[in-house]
Amino acid sequence: MNRLRWQLIVVVLALVAIAVLLLSQQPVLNAFTPAPAEGGVYIEGLVGQPSRLNPLLDSFNPADQDVNRLIFSGLVRFDSWGNPIADLAETWSISLDGTVYNFTLKEGILWHDGTPLTAEDVIFTVELVTSPDLPVPEDLREFWLEVEAIAFDERNLQFRLPNRFAPFMDYLDFGVLPRHLLGGLTPGEIINAPFNLNPVGSGPYFFDELMTNETGVEGVVLTANEDYYDDRPFIDQVVFDYYASSAEAYAAFERGDVLGVSQVSNDVLPQVMADPAINLYTARLPQISMVMLNLDSNAVPFFQELAVRQALTHAINRQWIVDEFLGSQAFVADSPVLPGSWAYNENLVEIPYNVDTALETLREADYVVPAEGGPRSKEGVSLAFTMVHPDDELHTRVAQFIQESWAEIGVQVTLQAVPYDNLVIDYLDTRNYEAALVDINLTDSPDPDPYPFWHQAEATGGQNYSRWNDRRASEYLEQARLETDLLDRARLYRNFQTHFNRELPAILLYYPVYNYAVSAQVNGVSVGPLYESSDRLSTLPQWFLVAGGVAAEVDEPEIQTLEP
């Protein structure tokens, strides 16, 4: 069973950024930390627009995902290290052969309308995921079609996999839907059901009201769930006000209309950092930018030489890219596994920027500059190739800088800017490229599982676009998919990263990061590495408002039923 949920993206995420944030204020000695207390209203300026408050229909709308994060629950959720922790599930066990997963739900879980939540609701949701009539990612649908889901009674259920597959837990954080409210509808009817604008979940907050104006929905009001199976949230109400941009959301904060800004973009970042009334939180996004090399192309046989790959890596000042093109709002990448993950290897050998080392490496590999000039060559083969890249401003600037950097060591690169869809479909999928500047998006993938991009079996028709044909790396990835012991899996992934770092099948550039701002009046906020942007709200039930920290009163909303 291949895990194909990873998606390749090659378009700049202009709304996300920041690499390192240093506290600018001096530490306060003997500071008083207020004790958490219930009450108050937290209003957030949410950048985006609402569509459907249904966790099976929010895959392409982060604004909906943020709201749904507080309304709905999954069998498990993940901590900032990517470890599964209990949510609806009380306990779980795995068979010795790794193909059977048994779950027991917590006792007394209620939907927000007071109806008991049972194992049948989980099975019902899984069945919906497999429906071709719902806009669920195709690879996710295909995955669940191979899994048998069984409810034994109200609290006990089982999943049977066709093969041993250790990353399976990664698939169990989906928001569970109420069978008693949606079971009578066809999947096609669910898409436009009134439920999507008046949802009923089981999470820490229940849907209260839509705030509307003459143009549509302007906000959503959520209220603390008194019957929540976990600890009751401290804050009584959470209100999301929708804004078209970070600048508009921050302007609302300056007016005192909101207490938080869901996403701080580069254009307002300096203002937010200088504002003592608001705290800025930074988290690593689930994305890696890199240069992929086609390692099995007759047109560029030199990519198969480790010395060439080493020289190309040494010649790029990746920190300069981060500082100059991303305003220091990213950090240099050193592994295909995301930092902050339980599987990340913190002891990887750094590959420093050093032009002299790059030149010496090429000379030792017998690549010389011809007397007549031009790129370095060996045995009649010149170090010259074409690199495709997305045709947006950021990727174009990065590509031009890399082109100039490689020219310094005698490597000639021709740049080819193409639209995103063309790059994936016409170049990567077909392997009809020589080098490609790309971003890999690992959203919603707490389990690292690098198999799809780097295993031999994925080199033809899969997502191993580099066509890295390395048996040792593949063995590490195969074993890690079969081993259910987390310590053993971590060891295998550390070995894989060490081998990747030694062989350099691709040139890793940087990991972007995410900015989130919350008023200094709000305590208890913590943001770890993100696997999707809504993870920033994972600790919101533990947030609390200090005295005088209640946001402006929520105007009495005009309630309106809208067609989705």
Cut-off of 10 Å, at most 12 other beta carbons, DSSP loop: longest stretch of the chain lacking such GluC sites (Glu not before Pro): 409-552
What is the chain's relative contact order, in percent, from Cα pairs under 8 angstrom and six or more apart in sequence? 24
Check L177: other-chain or 5+ apart residues with amide H under 5 Å from its amide H, H built from backbone geometry? T125
Hey, can you grab everything whose amide H is under 5 Å from the amide H of A330? Only 5+ residues off in sequence or another chain; H modelled, so Pro and N-termini drop out. I18, A19, V20
Checked region 209-283 with the C-alpha gyration tensor, a ≥ b ≥ c its square-rooted eigenvalues, rounded below a/c of 1.5, otherwise prolate if a/b is larger than b/c and oblate if not; verdict oblate
Name the shape class, rounded, prolate or oblate, that the alpha-carbon gyration tensor gives for region 446-557, where a ≥ b ≥ c are the square roots of its eigenvalues, rounded holds for a/c under 1.5, and otherwise prolate holds if a/b is larger than b/c and oblate otherwise. prolate
Using the Karplus curve 6.51 cos²θ - 1.76 cosθ + 1.60 with θ = phi - 60°, work out ³J(HN,Hα) for each residue of region 193-198 in order, rounded to whole Hz, and write x for Gly and Pro. 6, x, 3, 5, 10, 8
Applied in sequence order to region 48-59, the curve 6.51 cos²θ - 1.76 cosθ + 1.60 (Karplus, θ = phi - 60°) yields integer Hz couplings, x standing for Gly and Pro, of x, 10, x, 10, 9, 8, 8, x, 8, 10, 10, 4
C-alpha center-to-center spacing [region 407-460, region 143-173] in angstrom: 32
Just flag the trypsin sites (Lys or Arg not before Pro) in region 57-144 sitting in loop per DSSP whose Cβ has no more than 16 other Cβ atoms within 10 Å. K106
State, as an integer percentage, the relative contact order of region 26-163 based on alpha-carbon contacts under 8 Å between residues 6 or more apart. 17
Sort D58, D356, D79 from largest to smallest accessible area, using a 1.4 Å probe on the heavy atoms of the protein chains. D356, D79, D58
Where nothing but the Cβ of Lys and Arg (+1) and of Asp and Glu (-1) is charged, how large is the charge dipole of region 182-268 around its Cα centre, in debye to the nearest 20? 180
Euclidean distance of C-alpha centroids, region 476-544 and region 271-348, integer Å: 14
Treating the Cα atoms of region 482-537 as identical point scatterers in vacuum, please give the log10 of the normalised Debye intensity I(q)/I(0) at q = 0.15 Å⁻¹, two decimals. -0.76
Length-normalised contact order for region 137-241 - Cα pairs under 8 Å, 6+ apart - percent: 14
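From the Cα gyration tensor of region 267-380, with a ≥ b ≥ c the square roots of its eigenvalues, which class applies: rounded if a/c is under 1.5, or else prolate if a/b is larger than b/c, or else oblate?
prolate
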From phi via Karplus (6.51, -1.76, 1.60), per-residue ³J(HN,Hα) for region 174-191 in Hz, x at Gly/Pro: 5, x, 7, 9, x, 5, 5, 9, 10, x, x, 9, 6, x, x, 6, 4, 4
Going by amide H atoms built from the backbone, whose H comes under 5 Å of the H on E218, apart from near neighbours? M211, T212, N213
For region 137-190, how big is the tail of P(r) above 14 Å, as a whole percent of Cα pairs? 68
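The values are calculated or read from the model by the stated rules, or taken from the named source; none is laboratory data. These numbers were taken from a predicted model, which means no experiment stands behind them. A quick note on method: Cβ atoms are made from the backbone with ideal geometry, for glycine too, and the neighbour counts reach across all protein chains shown. These area figures cover heavy atoms from the full protein model, side chains too; ligands, DNA and RNA do not enter into them. Shrake-Rupley method; radii C 1.70, N 1.55, O 1.52, S 1.80 Å.
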